[in-house]
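A quick write-up on the structure given underneath.
No value in this document is a laboratory result; all are computed from the given coordinates. Being a predicted model, the structure only gives us computed values, none of them experimental. Here Cβ is always computed from backbone atoms with ideal geometry, including for glycine, and neighbour counts include all displayed protein chains.
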Amino acid sequence: MTTIPRYAVFGNPIHHSKSPVLHQAFAKQTGESIAYTAELVDINEFSSAADQFFNQGGLGLNITVPFKIDALHYADTLTDRAKKAGAVNTLIKKNNGIEGDNTDGAGFIYDVTQNLQWTLTNKRILVLGAGGAVRGILDPLLQTKPQKIVIANRTVAKAQRLIEDINTTPETILSACHYSDINDTFDMIINGTSASLHGDLPALPNTTISNNSSCYDMMYGEKPTVFMQWAVQCGAEKVADGLGMLVCQGAESFYQWRGIKPKTQSVIDQLRLTL
């Protein structure tokens, strides 16, 4: 009897996870046969739950809050992008143990450059926030060769630490400031804070946006986020939410597990209907 390859997502809470829908769609599209479940893991039980999963034949895990740091410490080896992100959202069973990866940045870049067809090279980019979400995308963003990236945060020291952790480029490209000190117009603004989930918005001057600006919220919801609404009111040319990033980081995980890269746009459209 053939055993169906097993994958899962670990989180707490987990009931809201879209990952089972994503991976079932990817499997159907690529003709792969997999079993994929969402698993609620007790806060202090990550290692034992992961041990049990892999010991029982599981081949890969997606990791969501609050376990991305637990997964970083759990992995036997780490990819370069997991090291730079300082967090793991994908675990892969290999011959030499469990490898930790981070697909968030790759998912973000793929959604922006391939699905949305936005250009990042030589652009002036403003990133809002300096938490884990921003840390995951910063190095891949640098690889696209933007003109400059400004990280704005309520605590400037936190943004500065992030730059020091990640920066392998000339000082002129990356800088940090407080929200209130933003005094430039940007080609692209990325909201990496979770403020949208609470209906909030960092206090930004309207002059931050021009009629050529593209604005991307890493959060998503049933309706356009507060950040997206603000961007439209300020005259932004293009706006998007993070649903595409969610699907594309999942597709990258699927590729790491199965060696096949699924197409993402149709799955984004499918998932949009379920919000």
Acute angle (nearest 10 degrees) that the helix 132-143 long axis makes with the longest principal axis of the chain, alpha-carbon atoms
70
Between their Cα atoms, which of Lys94/Lys158; Lys84/Lys238; Lys123/Lys263 are more than 32 Å away from each other?
Lys94/Lys158
Just order 234-244, 58-68 by mean Cβ neighbour count inside 10 Å, highest at the front, would you?
58-68, 234-244
Using the beta-carbon distance between Val65 and Lys238 and R0 = 25 Å, what value does 1/(1 + (r/R0)^6) give for FRET efficiency, to the nearest 0.05?
0.30
Could you give the length gained by full extension between Asp165 and Gln117, i.e. 0.36 nm per residue of separation minus their alpha carbon distance, to one decimal place?
14.3 nm
Linear extension gain, Thr144 paired with Asn183, 0.36 nm per residue minus alpha-carbon span
11.7 nm
Rank by packing, highest mean first: peptides 46-56, 9-19, with packing defined as the count of other Cβ atoms within 10 Å averaged across residues.
9-19, 46-56
Provide the net charge surrounding Gly129, with neighbours chosen by a C-beta distance below 14 Å and charges set as Lys +1, Arg +1, Asp -1, Glu -1.
+1
DSSP bridge orientation in the chain - percent antiparallel, rounded to nearest 5:
20
How far is it, in nm, from the label point at Asp76 to the one at Asn12 when both lie 7 Å from their Cα along the line to the Cβ?
2.6
Hey, rough spin-label estimate for Ile260 and Leu275, points 7 angstrom out along Cα→Cβ, what's it come to in nanometres?
2.8
Anchor Lys68: aspartates and glutamates whose Cα lies under 12 Å away (excluding residues fewer than 8 positions away in-chain)
Asp101, Asp104
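Could you give the dipole magnitude of region 129-216 about its Cα centre, charging the beta-carbon of Lys and Arg +1 and that of Asp and Glu -1, in debye to the nearest 20? Write out the running numbers ahead of the final one.
Numbers: 6 positive and 8 negative charges, 23 e Å.
Once rounded to the nearest 20, the dipole reads 100 debye.
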Starting from the 7 Å offset along Cα-to-Cβ, what nm value, one decimal, do you get for the label separation of Asn212 and Thr37?
5.3
From phi via Karplus (6.51, -1.76, 1.60), per-residue ³J(HN,Hα) for region 174-187 in Hz, x at Gly/Pro
10, 8, 10, 7, 7, 3, 6, 9, 5, 9, 9, 9, 10, 6
Helix 46-55 axis, angle to the chain major axis (alpha carbon atoms, nearest 10°)
50
Relative to the longest principal axis of the chain, what angle (0 to 90°, nearest 10) does the C-alpha long axis of helix 243-258 take?
40
